[in-house]
Ligand code: ATP
Ligand code: MG
């Protein structure tokens, strides 16, 4: 027998029994962002490698070790996008969407990172990203956070999520802090683990991110970023907090939240959960006022977030808050060859009359018992049966598959009335 092919490790099929939940999640998100007036943008999945190097930063986990980078046939270095913000800014600059304008944009799609696959961490995964350009105040930061909080309410998972917030302040303030932190870490070099030593040399702020409890002990005495905040950033942060307070959104100020990408300044935030083990960050974002200019555009302020759909799906499966409907409302069975054509005609007429109704017609023949078994398995609420008697009398028999109700024999008009008044 020929050898069966397998998908690439860390790249998942989303099977029919999962796609219903994905569709509800995606639809909820589409309606959510539309409700705030955001417009969709779709970018290519492949970009020049340089785009990600210049935006995410050379000494970040993503660029150092996670990108799918290859030479195409022309010898150009291309990369499967590891995230969406860089592409979104590239597109905005290229098409003149950003300069002197305000834009509220969102996108959804696959991202690629060569990481060790585990629960909630894959090599192809899906993000929804939301980005707002041309706004510099805390009002838009608050809008984005309110939007995410609304999503958790819509999905019924608010109680499992915590908002962590920090400010990375201005580039100047951060540089001063970086110097102070570096000095502190140097004086504790003997206590640092290998990862932290590496980060100390390349990107010292990332040491704050360490998950190693021993590092946490060392860091307990490190200088605090908020001690170095510039006044404007301090004001921005306190106004954002005031807006969240007014909206009744709880948050924790996490001094060590620095995020893994280089482009952030001022506000950064993460929504985290305890229910997914180590892969606890479901949604993360922040302000990146310098990136548009860094990628060759005119300076434009920007803020955004991205959320991981696989992690949300895992949470939804655990919380079991959403009901995924069966794929079929009505199953049409035809008994005997003479009934098959009329059955197709009725199926098509019903699809004309009630376009949202999901009508499945039995195909492949078989006896009454077999067809009804299929009808039941389909999850349909009703089975419509056409046999010799029904053809003769121009009627349709309706069997209620989910209710204890006697079957009914109806004319087509009566059937339509019944379907119109039934909740599917
Ligand atoms: P982590 O700390 O878990 O590696 P990250 O900081 O690398 O996350 P971001 O780059 O901020 O993640 O991406 C935003 C969101 O995308 C994450 O919060 C997470 O929900 C999701 N995400 C990131 N990497 C993966 C992955 N490899 N598999 C599944 N989801 C992911
Ligand atoms: Mg990561």
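Of note:
- Compared with the direct C-alpha span, the chain from residue 146 to residue 368 gains 74.5 nm at full extension, assuming 0.36 nm per residue.
- Proxy reagent accessibility, fewest Cβ within 10 Å first, across 63, 303: 63, 303
- C-alpha long axis of helix 231-246 to longest principal axis of the chain, angle in °: 30
- Within a Gaussian network of the chain (alpha carbon springs, distance under 10 Å), most fluctuating of 236, 95, 253: 95
- Relative contact order, percent, the range 202-348 [alpha-carbon distance under 8 Å, six or more residues apart]: 14
- Pairwise FRET efficiency - residue 77 versus residue 183, Cβ, R0 = 30 Å, nearest 0.05: 0.20
- Euclidean distance between Cα centres, the range 52-119 to the range 158-220, Å: 25
- With each label modelled as a point 7 angstrom along the Cα→C-beta vector, the residue 402-residue 42 pair spans 3.3 nm.
- Overall, the anisotropy analysis places the range 46-92 in the oblate class: the square-rooted eigenvalues a ≥ b ≥ c of its C-alpha gyration tensor yield a/c not less than 1.5, with a/b not exceeding b/c.
- Fluctuation leader among 374, 224, 323 - the chain, Gaussian network, Cα springs under 10 angstrom: 374
- Computing FRET efficiency as 1/(1 + (r/R0)^6) for residue 255 and residue 136, where r is the C-beta to C-beta distance and R0 is 22 Å, gives about 0.40.
- Of 202, 233, the sequence from fewest to most neighbouring Cβ atoms within 10 angstrom is 202, 233.
- Taking label positions 7 Å along the Cα-Cβ direction at both residue 344 and residue 232, the computed distance is 7.0 nm, reported to one decimal.
- Using R0 = 45 Å, the C-beta based FRET efficiency linking residue 320 and residue 212 works out to 0.85.
- Angle in degrees between helix 309-319 and the longest Cα principal axis of the chain, rounded to the nearest 10: 60
- Judged by the ratio a/c of the largest to the smallest principal axis of the C-alpha gyration tensor, the range 75-117 counts as oblate, that ratio being 1.5 or greater while a/b is no larger than b/c.
- Label-point separation, residue 294 to residue 5 (7 Å along Cα→Cβ), nm: 3.9
- Nearest-ten-degree value, helix 138-155 long axis tilted from longest Cα axis of the chain: 40
- Oblate is the label for the range 1-71, because a/c, from the alpha-carbon gyration tensor with a ≥ b ≥ c as root eigenvalues, is 1.5 or above and a/b does not exceed b/c.
- Fewest-first sequence of 337, 131, 176 by Cβ atoms within 10 Å of each Cβ: 337, 176, 131
A short reminder: the numbers here are calculations on the coordinates, not readings from a lab. Given the structure is predicted, the values throughout are model-derived calculations rather than measurements. Don't worry about glycine lacking a Cβ; one is built from the backbone with ideal geometry, like all the others, and counts go over all protein chains shown.
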